[in-house]
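Visitor: One structure, pasted below without further comment.
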Amino acid sequence: SSKTFWTTTGMFPQELIIGFPKCVKISKVSIQCYLVRTLRIERSTSEDPVGFEQCIEKDLQHREGQLQMEEFPLPEFQATYLRFIIKSAFDHFVSVHRVMAEG
């Protein structure tokens, strides 16, 4: 829902894990967030959320008063879980408003 969001508790790093009902092919991940400085995306193909491997890590641009909208084209790969690690931020609290995985 565009009216809901996930927010951090103030300390970093923070992580958010998204699970799929089965292993899926993904070619692009998009995220809308606020005040995130450094973001890492990892994947797991296990039945449980373990054994993650890094896909990408990026420093995002600060956009005062606006959502950060980032797209990460990735080589097509499979994942059962995606882990988003917010390593640092521009403020004490950040929010994630939307995550989309395409494939």
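The values are calculated or read from the model by the stated rules, or taken from the named source; none is laboratory data. Everything numeric here is computed off the predicted structure, so don't read it as measured data. We place every Cβ from the backbone using ideal geometry, glycine too, and count neighbours over all the protein chains shown. To get the accessible areas, we keep the full protein, side chains included, count just its heavy atoms, and leave off ligands, DNA and RNA. Shrake-Rupley method; radii C 1.70, N 1.55, O 1.52, S 1.80 Å.
Visitor: Just one of Pro75, Pro13 is over 22 Å from Gly103 (Cα atoms) and either open to solvent by less than 40 Å² (accessible area, probe 1.4 Å) or in contact (Cβ under 8 Å) with a residue 24 or more places away in the chain (or both); which is it? Spell out how you get there, then give the answer.
Guide: Details: Pro75 fails: over 22 Å from Gly103 (Cα atoms).
Criteria check complete, one pass: Pro13.
Visitor: Can you tell me which residue is farthest from the chain's Cα centre (by Cα) among those in the range 27-50 that are small (Gly, Ala, Ser) and over 26 Å from Lys3 (Cα atoms)? It would help to see each step written out before you state the result.
Guide: Kept after step one, since they are small (Gly, Ala, Ser), are these residues of the range 27-50: 27, 30, 44, 46.
Still in the list and also over 26 Å from Lys3 (Cα atoms): 27, 44, 46.
Values: Ser27: 14, Ser44: 13, Ser46: 18 Å.
Restricting to residues being small (Gly, Ala, Ser) and over 26 Å from Lys3 (Cα atoms), the top hit is Ser46.
Visitor: Can you give me the number of residues within the range 18-57 that are small (Gly, Ala, Ser), without any contact (Cβ under 8 Å) to a residue 60 or more places away in the chain and not in a loop (DSSP other than H, G, I, E, B)? Walk me through how you get there before you give the answer.
Guide: We begin by selecting, within the range 18-57, every residue small (Gly, Ala, Ser); these are 19, 27, 30, 44, 46, 51.
In the following step, the residues that additionally are without any contact (Cβ under 8 Å) to a residue 60 or more places away in the chain were identified as 44, 46, 51.
From the residues that got through so far, the ones that are not in a loop (DSSP other than H, G, I, E, B) too are 44.
Qualifying residue count, the range 18-57: 1.
Visitor: Suppose we filter the range 78-103 for residues that are surrounded by 13 or more Cβ atoms within 10 Å (Cβ to Cβ), without any contact (Cβ under 8 Å) to a residue 60 or more places away in the chain and not in a strand (DSSP E or B); how many remain?
Guide: Qualifying residue count, the range 78-103: 1.
Visitor: Something else about it: From the list Arg43, Arg37, which residue is open to solvent by less than 60 Å² (accessible area, probe 1.4 Å) and basic (Lys, Arg)?
Guide: Numbers: Arg37 fails: open to solvent by less than 60 Å² (accessible area, probe 1.4 Å).
Testing whether each residue is open to solvent by less than 60 Å² (accessible area, probe 1.4 Å) and basic (Lys, Arg) leaves just Arg43.
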